[in-house]
1. If you average the alpha carbon positions of the stretch 115-141 and of the stretch 51-74, how far apart do those two centres end up, in angstrom?
2. Would you kindly derive the ³J(HN,Hα) couplings of the stretch 31-46 from the backbone phi angles with the Karplus curve 6.51 cos²θ - 1.76 cosθ + 1.60 (θ = phi - 60°), listing them in order in whole Hz, with x for Gly and Pro?
3. Evaluate the Kirkwood expression for the hydrodynamic radius of the stretch 89-218, namely the inverse of the mean inverse distance over all pairs of different C-alpha atoms, and round to one decimal in Å.
4. Going by how many other Cβ atoms sit within 10 Å of their own, how do V36, V63, V135 line up, fewest first?
5. So, with +1 on the Cβ of K and R and -1 on the Cβ of D and E, and no other charges, what is the size of the charge dipole of the stretch 56-122 about its Cα centre, to the nearest 20 debye?
6. Using a simple charge model, +1 on the beta-carbon of Lys and Arg, -1 on the beta-carbon of Asp and Glu, nothing else, what dipole does the chain show about its Cα centre, in debye to the nearest 20?
7. Please find, in a Gaussian network model of the chain (springs between Cα atoms separated by less than 10 Å), the residue of S45, S118, S160 whose mean-square fluctuation is greatest.
8. Taking the Cα centre of the stretch 130-180 as origin, sum charge times position over the Cβ atoms of Lys and Arg (+1) and Asp and Glu (-1), and report the length of that vector in debye to the nearest 20.
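FYI, it's all coordinate maths here, none of it is from the lab. Computed from a prediction, not measured in an experiment: that's the story for all the values here. A quick note on method: Cβ atoms are made from the backbone with ideal geometry, for glycine too, and the neighbour counts reach across all protein chains shown.
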Amino acid sequence: MPATGNARVEDVAEGTVDQLLSVAERLFAERGVEQVALTHIVAESGQKNRSAVHYHFGSRAGVLAAVMNRRLATLNIRREALLDALAPDAAPLDIVRATIAPLGLAVVEAPWGADYLSIVAQVTFHPQLLGERGVNDALITGIRRGKRRLAQATPQVPTSFVDQRLRWLIDSVVFALARWARDTPKAQQTPAAMAALIEQLAAYGTAGLLAPDPAPEI
């Protein structure tokens with residue numbers, strides 16, 4: 001009996017957390033992270049316990065980190081699978097595509113994709129929103145793996161360049177995808193349209209990664 005009772009309590013708690021995160025995700029996307037207070041999340045979720053959000057997450061930054069980690073888990077699995085499918089000698093374009101595709105595909109495949117992308121864009125521009133929380137390192141292994149594979153596939157490019165340019169690429173891809181999701185009519189947000197956009201972004205990013213050093217030699 002105690003075990004069954006504990007399981008029910010855990011189920012209720014898990015359901016509450018999931019509901020709170022779903023509401024927070026929607027509000028962060030609609031209003032902007034900085035405009036959403038913990039009390040807004042509680043009110044919109046219909047929770048009677050006004051301290052529910054604070055109890056589970058501690059702060060708005062805690063809620064934001066939990067929202068991001070929940071979706072990062074799904075994206076990371078897909079990114080790892082796409083990288084697994086590449087040949088050992090895959091070209092840089094293929095590696096870039098596998099690295100950026102999961103975020104774009106989520107927009108047209110997952111009901112939460114557009115909202116999550118809006119949040120990622122906000123955090124990319126204002127990383128301080130996460131405070132000291134950050135995201136779970138275990139959920140970005142695909143990004144790190146993609147970086148390692150790119151370094152191996154582009155031995156002519158200094159590693160420091162690959163690191164810096166990949167950061168620029170990811171930032172620009174996030175903003176480009178967020179703008180597309182915001183400005184493109186829903187009827188035109190099709191898998192085919194997203195696939196074409198991903199190809200364009202991958203080509204653009206690969207060209208930037210492989211560009212020669214413009215600095216004059218001393």
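1. About 11 Å separates the Cα centre of the stretch 115-141 from the one of the stretch 51-74.
2. Using θ = phi - 60°, the values come out as 9, x, 3, 5, 9, 10, 8, 4, 5, 5, 5, 4, 5, 5, 7, x Hz.
3. Value: 15.8 Å, from the Cα pair sum.
4. Taking fewest neighbouring Cβ atoms as first place, the list is V135, V36, V63.
5. I would put it at about 320 debye.
6. It works out to roughly 240 debye.
7. S160
8. About 180 debye.
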